[in-house]
Amino acid sequence: MPYQGKYIPEKDDFYKLSRSKVDFFLNCSRCFYMDRRLGIAQPPGFPFNLNSAVDNLLKNEFDYYRSIQKPHPYIEKLGLNAVPFQHESLDKWRQNFSGVTYQHKELNLHLFGAIDDLWINLDTEELIVVDYKATSKGSEINLDADWQIGYKRQMEFYQYLLRNNGFKVSDTGYFVYCNGIREKERFDEKLDFEIYLLDYTGNDSWIENTLKDLVQTLNQDDIPDFNENCKFCEYQKKTKNVKN
């Protein structure tokens, strides 16, 4: 059985590591080390309950088309010969603490990540990774912001996990991006969305070297240096010498 929580260098069992923790490492190796090796976690963020509601509604909608094996209108709009993918493990793959899993024997890692959806291209028999996003802003909806590198890595990691489970996976995935419309005269107890279908061509070649660096970091005894681009590291530096 894989274990989780604090990493133990001398332990032979697979260490359970989520997709989000890999992204955490890329954002700040020091904070990652303190969290996974020392058990000192960052303060938790606030739950995005409206985003979760949008996710559930989209899943329900796509599941209907999955049950009848017909393309959703969004798929037709993209001009794809595809339908939502049916698989007995889909519900498990969508759960946060199980997800799609892969045991990396060389690094002793039990990797996992929870997907939103999968389509299958009927022409190529490739799986298409689909991720739902929800926001509300007046500016253009795209994937160009620096912080959205996390979205791209997320999709690439899902592609990597599925490939290591023996599936044929398309490099191109899609974000179903729901933008809440603010410019309305009345609320009327209803939030309307404009839907954007954004394609992204992934490249998971960064993952293997990242995982090797990650394990090497976990196995070292020294805490990594402060990261000048990390707000949590900045806070630690500013407060460590504060006295009453």
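The values are calculated or read from the model by the stated rules, or taken from the named source; none is laboratory data. Computed from a predicted model, the values in this text were never measured in an experiment. When we count neighbours, we look across all protein chains shown, and the Cβ atoms used for this are built from the backbone with ideal geometry, even at glycine.
Residue 110 passes all but one of (1) out of contact with any helix residue (DSSP H, G or I) (no Cβ under 6 Å at 6 or more places or on another chain); (2) within 16 Å of residue 19 (Cα to Cα); (3) buried (at least 20 other Cβ atoms within 10 Å of the Cβ); which number fails? Only one criterion is unmet by residue 110, namely (3). Taking region 153-165 as the range and being in contact with a strand residue (DSSP E or B) (Cβ under 6 Å, 6 or more places away or on another chain) and farther than 20 Å from residue 125 by Cβ as the test, only 157 passes. One residue alone among 115, 120, 128, 207 is crowded, with 19+ Cβ neighbours inside 10 Å and in contact with a Ser or Thr (Cβ under 6 Å, 6 or more places away or on another chain), and that residue is 128. Look at (1) buried (at least 16 other Cβ atoms within 10 Å of the Cβ); (2) within 30 Å of residue 54 (Cα to Cα) and you find that residue 199 fails only one, number (1).
One residue stands out in region 1-23 among those that are in contact (Cβ under 8 Å) with a residue 40 or more places away in the chain and among the aliphatic types (A, V, I, L, M): the one that is farthest from residue 107 (Cα to Cα), namely 22.
Of all residues in region 68-98, how many are under 15 Å from residue 122 (Cα atoms), free of Cβ contacts under 8 Å to residues at least 12 places away in the same chain and in a loop (DSSP other than H, G, I, E, B)? Number satisfying all stated conditions: 1. None of 167, 226 is surrounded by 11 or more Cβ atoms within 10 Å (Cβ to Cβ), aromatic (Phe, Trp, Tyr) and under 23 Å from the mean Cα position of the chain (by Cα) except 167. For region 73-84, the criterion of being surrounded by 12 or more Cβ atoms within 10 Å (Cβ to Cβ), within 19 Å of the chain's Cα centre (by Cα) and either under 22 Å from residue 157 (Cα atoms) or of a type outside the set (Asp, Glu) (or both) is satisfied by no residue at all. Just so you know, in region 33-72 the residues that are among the aromatic types (Phe, Trp, Tyr) and crowded, with 18+ Cβ neighbours inside 10 Å include one that is nearest to residue 9 (Cα to Cα), and it is 33. Kindly indicate the residue of region 131-164 that is touching a residue at least 12 places away in the same chain (Cβ under 8 Å) and among the polar types (S, T, N, Q) and also surrounded by the fewest Cβ atoms within 10 Å (Cβ to Cβ) among those meeting that condition. Taking the candidates together, the pick is 142.
All told, residue 210 falls short of being closer than 22 Å to residue 53 by Cβ and under 19 Å from the mean Cα position of the chain (by Cα). Criterion first (over 30 Å from residue 221 (Cα atoms) and either in a helix (DSSP H, G or I) or without any contact (Cβ under 8 Å) to a residue 60 or more places away in the chain (or both)) does residue 26 satisfy it? For residue 26, the condition - over 30 Å from residue 221 (Cα atoms) and either in a helix (DSSP H, G or I) or without any contact (Cβ under 8 Å) to a residue 60 or more places away in the chain (or both) - is not met. Taking region 173-222 as the range and being of a type in the set (D, E, K, R), within 20 Å of residue 142 (Cβ to Cβ) and modelled with pLDDT under 95 as the test, the residues that pass are 182, 183, 194. For region 29-41, the set of residues classified as out of contact with any helix residue (DSSP H, G or I) (no Cβ under 6 Å at 6 or more places or on another chain) and not in a helix (DSSP H, G or I) consists of 38, 39, listed by residue number.
Taking the stated definitions as given, is residue 11 farther than 15 Å from residue 224 by Cα, touching a strand residue (DSSP E or B) at 6+ places or on another chain (Cβ under 8 Å), exposed (fewer than 14 other Cβ atoms within 10 Å of the Cβ) and not small (Gly, Ala, Ser)? Considered against the rule, which asks whether it is farther than 15 Å from residue 224 by Cα, touching a strand residue (DSSP E or B) at 6+ places or on another chain (Cβ under 8 Å), exposed (fewer than 14 other Cβ atoms within 10 Å of the Cβ) and not small (Gly, Ala, Ser), residue 11 comes out as yes.
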